[in-house]
Amino acid sequence: ADIAGALEIADAFGLRLVIEGGQEAWKLAGRLALAKASVVLAVGTPPQGRLDPPQPFPADRGEAHPDAAGILRAAGVPLALVPAIDSPLADFTWYASQAVGETFRSMDALRAITAGAAEVIGVEAGTIEPGKTADLVLWDREPLDPGARALAVLAAGRVLWERAEQDGPRPVAISARRIWTGDGAPIEGGTVVVEDGKIVAVGRNVLVPPGAERLERLGAVIIPGL
(Lines give C-alpha, C1' and ligand atoms only; values in the text may rest on other atoms or scores of the structure.)
Protein backbone atom coordinates (compact mmCIF):
# COMPACT_ATOMS: atom_id res chain seq x y z
CA ALA A 1 0.00 0.00 0.00
CA ASP A 2 2.87 2.42 0.78
CA ILE A 3 4.46 1.83 -2.63
CA ALA A 4 1.13 2.16 -4.45
CA GLY A 5 0.54 5.46 -2.66
CA ALA A 6 4.01 6.72 -3.59
CA LEU A 7 3.33 5.83 -7.24
CA GLU A 8 0.12 7.87 -7.20
CA ILE A 9 1.85 10.89 -5.66
CA ALA A 10 4.76 10.69 -8.13
CA ASP A 11 2.32 10.50 -11.04
CA ALA A 12 0.22 13.42 -9.79
CA PHE A 13 3.20 15.74 -9.33
CA GLY A 14 5.44 14.45 -12.14
CA LEU A 15 8.16 13.27 -9.74
CA ARG A 16 11.01 10.87 -10.47
CA LEU A 17 10.43 8.07 -7.97
CA VAL A 18 13.02 5.92 -6.21
CA ILE A 19 11.67 3.27 -3.82
CA GLU A 20 14.24 2.62 -1.09
CA GLY A 21 13.83 -0.55 0.97
CA GLY A 22 10.73 -1.64 -0.98
CA GLN A 23 10.19 -5.06 0.58
CA GLU A 24 7.08 -5.65 -1.53
CA ALA A 25 8.20 -3.76 -4.64
CA TRP A 26 8.28 -7.08 -6.50
CA LYS A 27 4.47 -7.22 -6.23
CA LEU A 28 4.18 -3.97 -8.20
CA ALA A 29 7.04 -4.53 -10.63
CA GLY A 30 4.88 -3.83 -13.68
CA ARG A 31 3.52 -0.56 -12.31
CA LEU A 32 6.98 0.56 -11.22
CA ALA A 33 8.34 -0.12 -14.71
CA LEU A 34 5.52 1.86 -16.36
CA ALA A 35 6.21 4.77 -13.99
CA LYS A 36 9.94 4.55 -14.77
CA ALA A 37 10.57 4.24 -11.04
CA SER A 38 13.74 2.74 -9.53
CA VAL A 39 14.20 0.45 -6.53
CA VAL A 40 16.98 0.19 -3.95
CA LEU A 41 16.87 -3.25 -2.29
CA ALA A 42 18.56 -4.13 1.00
CA VAL A 43 20.15 -7.56 0.73
CA GLY A 44 22.10 -10.06 2.78
CA THR A 45 22.91 -10.92 6.37
CA PRO A 46 26.15 -10.38 8.28
CA PRO A 47 28.97 -12.68 7.02
CA GLN A 48 29.36 -14.59 10.26
CA GLY A 49 28.46 -17.86 11.94
CA ARG A 50 24.99 -19.21 11.28
CA LEU A 51 23.24 -22.56 11.05
CA ASP A 52 20.49 -22.05 8.50
CA PRO A 53 20.99 -20.37 5.10
CA PRO A 54 19.51 -16.87 5.37
CA GLN A 55 16.79 -15.38 3.24
CA PRO A 56 18.47 -13.06 0.71
CA PHE A 57 16.19 -10.13 1.54
CA PRO A 58 15.46 -9.29 5.21
CA ALA A 59 11.75 -9.20 5.99
CA ASP A 60 11.21 -7.09 9.11
CA ARG A 61 8.15 -5.61 7.40
CA GLY A 62 6.17 -6.79 4.41
CA GLU A 63 6.24 -9.97 2.37
CA ALA A 64 9.70 -10.72 1.04
CA HIS A 65 10.41 -12.84 -2.05
CA PRO A 66 13.69 -14.76 -2.52
CA ASP A 67 13.84 -13.71 -6.18
CA ALA A 68 12.60 -10.14 -5.70
CA ALA A 69 15.59 -8.73 -7.58
CA GLY A 70 14.98 -11.07 -10.52
CA ILE A 71 11.30 -10.12 -10.73
CA LEU A 72 12.11 -6.41 -10.77
CA ARG A 73 14.92 -6.86 -13.33
CA ALA A 74 12.65 -8.91 -15.63
CA ALA A 75 10.07 -6.12 -15.53
CA GLY A 76 12.69 -3.57 -16.55
CA VAL A 77 12.86 -1.71 -13.23
CA PRO A 78 16.26 0.01 -12.60
CA LEU A 79 17.70 -1.65 -9.52
CA ALA A 80 20.45 -1.01 -6.98
CA LEU A 81 21.55 -3.26 -4.10
CA VAL A 82 22.78 -2.12 -0.69
CA PRO A 83 23.75 -4.14 2.42
CA ALA A 84 20.92 -4.75 4.87
CA ILE A 85 23.06 -3.40 7.73
CA ASP A 86 26.07 -1.15 8.11
CA SER A 87 29.05 -3.20 6.98
CA PRO A 88 32.67 -2.80 5.87
CA LEU A 89 32.95 -1.77 2.22
CA ALA A 90 35.23 -4.76 1.70
CA ASP A 91 32.18 -7.02 2.20
CA PHE A 92 29.97 -5.13 -0.27
CA THR A 93 30.27 -7.68 -3.07
CA TRP A 94 29.59 -10.51 -0.61
CA TYR A 95 26.27 -8.91 0.29
CA ALA A 96 25.42 -8.42 -3.38
CA SER A 97 26.07 -12.11 -4.05
CA GLN A 98 23.24 -13.03 -1.67
CA ALA A 99 20.73 -11.64 -4.19
CA VAL A 100 21.75 -14.18 -6.85
CA GLY A 101 18.87 -16.61 -7.31
CA GLU A 102 16.66 -18.42 -9.77
CA THR A 103 16.49 -15.61 -12.34
CA PHE A 104 18.90 -13.01 -10.92
CA ARG A 105 22.40 -13.96 -12.06
CA SER A 106 25.87 -12.90 -10.95
CA MET A 107 26.12 -10.38 -13.78
CA ASP A 108 22.80 -8.89 -12.71
CA ALA A 109 24.09 -8.47 -9.15
CA LEU A 110 27.30 -6.85 -10.40
CA ARG A 111 25.29 -4.43 -12.50
CA ALA A 112 23.09 -3.57 -9.52
CA ILE A 113 26.15 -2.31 -7.58
CA THR A 114 27.81 -0.56 -10.54
CA ALA A 115 25.96 0.71 -13.62
CA GLY A 116 22.53 -0.02 -12.15
CA ALA A 117 23.28 1.89 -8.97
CA ALA A 118 24.65 4.80 -11.00
CA GLU A 119 21.45 4.87 -13.06
CA VAL A 120 19.28 4.92 -9.93
CA ILE A 121 21.07 7.95 -8.46
CA GLY A 122 21.36 9.66 -11.84
CA VAL A 123 25.12 9.80 -12.46
CA GLU A 124 27.24 8.84 -15.48
CA ALA A 125 29.35 6.03 -14.05
CA GLY A 126 29.46 2.30 -13.55
CA THR A 127 30.60 1.14 -17.01
CA ILE A 128 33.94 0.47 -18.71
CA GLU A 129 34.00 1.99 -22.18
CA PRO A 130 36.04 4.53 -24.17
CA GLY A 131 35.46 8.07 -22.98
CA LYS A 132 34.32 7.14 -19.47
CA THR A 133 36.28 8.13 -16.37
CA ALA A 134 38.68 5.31 -15.41
CA ASP A 135 37.26 4.34 -12.02
CA LEU A 136 38.23 0.67 -11.73
CA VAL A 137 38.70 -2.13 -9.20
CA LEU A 138 40.98 -5.13 -9.85
CA TRP A 139 39.99 -8.37 -8.08
CA ASP A 140 41.94 -11.57 -7.54
CA ARG A 141 38.99 -13.68 -8.75
CA GLU A 142 35.30 -13.33 -9.61
CA PRO A 143 34.16 -10.36 -7.48
CA LEU A 144 31.09 -12.16 -6.07
CA ASP A 145 33.15 -15.14 -4.90
CA PRO A 146 32.89 -15.24 -1.07
CA GLY A 147 36.68 -15.06 -0.71
CA ALA A 148 37.35 -12.39 -3.34
CA ARG A 149 39.83 -9.65 -2.42
CA ALA A 150 40.47 -6.38 -4.17
CA LEU A 151 44.02 -6.07 -5.51
CA ALA A 152 43.95 -2.45 -6.65
CA VAL A 153 41.63 0.57 -6.86
CA LEU A 154 41.92 3.25 -9.54
CA ALA A 155 40.08 6.58 -9.53
CA ALA A 156 40.25 8.78 -12.61
CA GLY A 157 43.04 6.53 -13.87
CA ARG A 158 45.27 6.93 -10.82
CA VAL A 159 46.13 3.99 -8.56
CA LEU A 160 44.81 5.05 -5.15
CA TRP A 161 45.47 1.76 -3.39
CA GLU A 162 47.22 -1.52 -4.16
CA ARG A 163 47.40 -4.64 -2.02
CA ALA A 164 50.94 -5.29 -0.85
CA GLU A 165 52.44 -8.69 -1.68
CA GLN A 166 53.56 -9.09 1.91
CA ASP A 167 49.96 -9.04 3.14
CA GLY A 168 50.24 -12.80 3.59
CA PRO A 169 47.61 -15.54 3.22
CA ARG A 170 43.97 -14.63 3.54
CA PRO A 171 42.04 -15.48 6.73
CA VAL A 172 39.74 -18.51 6.69
CA ALA A 173 36.24 -18.67 8.21
CA ILE A 174 34.78 -22.18 8.54
CA SER A 175 31.05 -22.45 9.38
CA ALA A 176 29.57 -25.79 10.41
CA ARG A 177 26.56 -27.39 12.07
CA ARG A 178 28.46 -28.03 15.29
CA ILE A 179 31.84 -27.15 16.80
CA TRP A 180 33.27 -29.44 19.48
CA THR A 181 35.60 -27.05 21.26
CA GLY A 182 37.07 -29.68 23.62
CA ASP A 183 36.53 -27.25 26.47
CA GLY A 184 32.89 -26.93 27.43
CA ALA A 185 29.60 -27.42 25.63
CA PRO A 186 29.62 -27.69 21.82
CA ILE A 187 28.65 -24.66 19.75
CA GLU A 188 25.68 -25.23 17.47
CA GLY A 189 25.80 -23.47 14.10
CA GLY A 190 29.08 -21.67 14.68
CA THR A 191 32.11 -20.37 12.86
CA VAL A 192 35.86 -20.69 13.44
CA VAL A 193 38.02 -17.85 12.10
CA VAL A 194 41.69 -18.61 11.41
CA GLU A 195 44.31 -15.95 10.66
CA ASP A 196 48.09 -16.34 10.38
CA GLY A 197 47.79 -19.97 11.48
CA LYS A 198 45.96 -19.13 14.72
CA ILE A 199 42.32 -19.31 15.78
CA VAL A 200 41.26 -15.69 16.30
CA ALA A 201 37.52 -16.20 16.92
CA VAL A 202 35.02 -18.99 17.50
CA GLY A 203 31.29 -18.80 18.16
CA ARG A 204 27.82 -18.31 16.69
CA ASN A 205 28.20 -14.59 16.09
CA VAL A 206 31.78 -13.76 15.13
CA LEU A 207 33.25 -11.05 12.93
CA VAL A 208 34.72 -12.41 9.70
CA PRO A 209 37.62 -10.31 8.32
CA PRO A 210 36.99 -8.79 4.87
CA GLY A 211 38.32 -10.96 2.04
CA ALA A 212 38.42 -14.14 4.14
CA GLU A 213 37.92 -17.51 2.52
CA ARG A 214 34.48 -18.64 3.67
CA LEU A 215 33.94 -22.39 3.90
CA GLU A 216 30.30 -23.07 4.74
CA ARG A 217 29.62 -26.72 5.54
CA LEU A 218 26.25 -26.48 7.24
CA GLY A 219 25.96 -30.24 7.77
CA ALA A 220 29.53 -30.76 9.00
CA VAL A 221 31.16 -30.93 12.43
CA ILE A 222 34.47 -29.36 13.48
CA ILE A 223 36.65 -30.97 16.19
CA PRO A 224 40.17 -30.28 17.46
CA GLY A 225 43.02 -31.86 15.51
CA LEU A 226 43.75 -35.46 16.52
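The values are calculated or read from the model by the stated rules, or taken from the named source; none is laboratory data. Computed from a predicted structure; not experimentally measured. Quick reminder, even Gly has a Cβ in these numbers, built from the backbone with ideal geometry, and neighbours come from all protein chains shown. All accessible areas refer to the heavy atoms of the entire protein, side chains included, with ligands and DNA or RNA removed. Shrake-Rupley method; radii C 1.70, N 1.55, O 1.52, S 1.80 Å.
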The range 113-168: spread of alpha-carbon positions along the three principal axes, whole Å, largest first, is 40, 26, 18
At q = 0.10, 0.15, 0.20 Å⁻¹, the log10 of I(q)/I(0) for the range 72-195 from a Debye sum over equal Cα scatterers comes to -0.45, -0.87, -1.27
Helix 2-13: inclination vs the chain longest Cα principal axis, degrees, rounded to 10, gives 40
Heavy-atom accessible area of the chain with neighbours in place, 1.4 angstrom probe: carbon+sulfur share in percent works out to 56
For the range 168-219, the Debye formula with one identical point scatterer on each Cα and no solvent gives log10 I(q)/I(0) at q = 0.13, 0.28 Å⁻¹ as -0.28, -1.11
For the chain, the per residue accessible area (1.4 Å probe, Å²) is 58
Descending packing, highest mean Cβ count within 10 Å first, for 7-15, 74-82, 185-193 is 74-82, 185-193, 7-15
